[in-house]
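Here's the structure, in structure tokens; my notes come after.
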Amino acid sequence: AQRVTQPEKLLSVFKGAPVELKCNYSYSGSPELFWYVQYSRQRLQLLLRHISRESIKGFTADLNKGETSFHLKKPFAQEEDSAMYYCALIRGGNAGNMLTFGGGTRLMVKP
Amino acid sequence: EPEVTQTPSHQVTQMGQEVILRCVPISNHLYFYWYRQILGQKVEFLVSFYNNEISEKSEIFDDQFSVERPDGSNFTLKIRSTKLEDSAMYFCASRARYEESSYEQYFGPGTRLTVT
């Protein structure tokens, strides 16, 4: 069965510092990976998906199949980046396309 | 921008009672999902629904759970006889056809279910 691991429950950085939120997955096939974000009192929303290879709000994430990782990075953190971040996986070719989530990392950006 | 809505935002019920959680997905979406998150734990998949039938369900989704799309807009999750361990935040999500949005799922704000 597939699994997503986010080793850090909490990551605290100062404004302007680089940020890396770690995500590792286990799945024998070709997954699709996502980062979802949940700001305070808001709903889960998609931040990034690996297939689009885009940068959103300064965040990027590269799928490393050799290391089975999909770490989220931002060179200069902003206070408004403070939120809960969830890495998630969809199994390739799965018609139902259920998301398997990691446990989440709370990012706190201090002024 | 269209959003998934869920009602109620908070439901308190006694053990053994039936509850129905309601969701209104985005109108042109075709795939519907329920997830739950017990406090302090991961968001877990419960069930997916497409073309008026369940397409996948997890081990959590046992005979006590059912889903229904009674009309063209609502998508409901029923728990027949609630247990204390059903206390959680329940999220509804929907998505369009793959060609329109890849696999992006849009989430509702959640219903917090408290079983006493």
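From largest to smallest, what semi-axes in whole angstrom does the range A:3-110 give when each is the square root of 5 times an eigenvalue of its alpha carbon gyration tensor?
Values: eigenvalues 108, 39, 31 Å².
Gyration-tensor ellipsoid for the range A:3-110: 23, 14, 12 Å.
Could you sort B:Asp63, A:Asp81, B:Asp71, A:Asp62 by accessible area so the largest value comes first, with the probe set to 1.4 Å?
Values: B:Asp63 125, A:Asp81 5, B:Asp71 70, A:Asp62 105 Å².
Correct descending sequence by accessible area is B:Asp63, A:Asp62, B:Asp71, A:Asp81.
With a cut-off of 17 Å on the backbone N, the residues of the range B:1-41 near the modelled label site 7 Å out from B:Ser81 along Cα-Cβ are B:14-20.
Accessible surface of A:Glu8, taken over heavy atoms with a 1.4 Å probe and every protein chain present, rounds to 50 Å².
By the helix-only formula, in which each DSSP H run with n ≥ 4 contributes -39500 (n - 2.57) and the sum is divided by residues, the protein assembly as shown has a 222 nm mean residue ellipticity of 0 deg cm²/dmol. Straight-line reach from A:Lys74: taking Cα to Cα under 18 Å and skipping same-chain neighbours fewer than 8 places apart, the aspartates and glutamates in range are A:Glu8, A:Glu20, A:Glu54, A:Asp62. Legend: residue pairs A:Lys22/A:Lys110; A:Lys22/B:Lys83; A:Lys22/B:Lys78; A:Lys22/A:Lys57; A:Lys9/B:Lys78, Cα-Cα distance threshold 29 Å; pairs beyond threshold, A:Lys22/B:Lys83; A:Lys22/B:Lys78; A:Lys9/B:Lys78. Bridgeable aspartates and glutamates around A:Lys15 (alpha carbons under 15 Å apart, same-chain partners fewer than 8 residues away excluded): A:Glu79, A:Glu80, A:Asp81. Between B:Asn52 and A:Glu54, the modelled labels are 3.5 nm apart [label points 7 Å from Cα along Cα→Cβ]. Take every Cα pair under 8 Å whose residues are at least 6 apart in sequence, average their separation, divide by the length of chain A, and the relative contact order is 38 percent. Any residues in the range B:36-54 that have 50 Å² or more less accessible area with all protein chains than in their chain alone, probe 1.4 Å, and which are they? Residues passing the criterion (a loss of at least 50 Å², heavy atoms only) are B:Lys42, B:Val43.
The values are calculated or read from the model by the stated rules, or taken from the named source; none is laboratory data. Keep in mind that what you see is a predicted model, and the values were worked out from it rather than measured. Please note: Cβ atoms are built from the backbone with ideal geometry, for glycine as well, and neighbour counts cover all protein chains shown. Quick note on the areas: whole protein, heavy atoms, side chains included, nothing else; ligands and nucleic acids left out. Shrake-Rupley method; radii C 1.70, N 1.55, O 1.52, S 1.80 Å.
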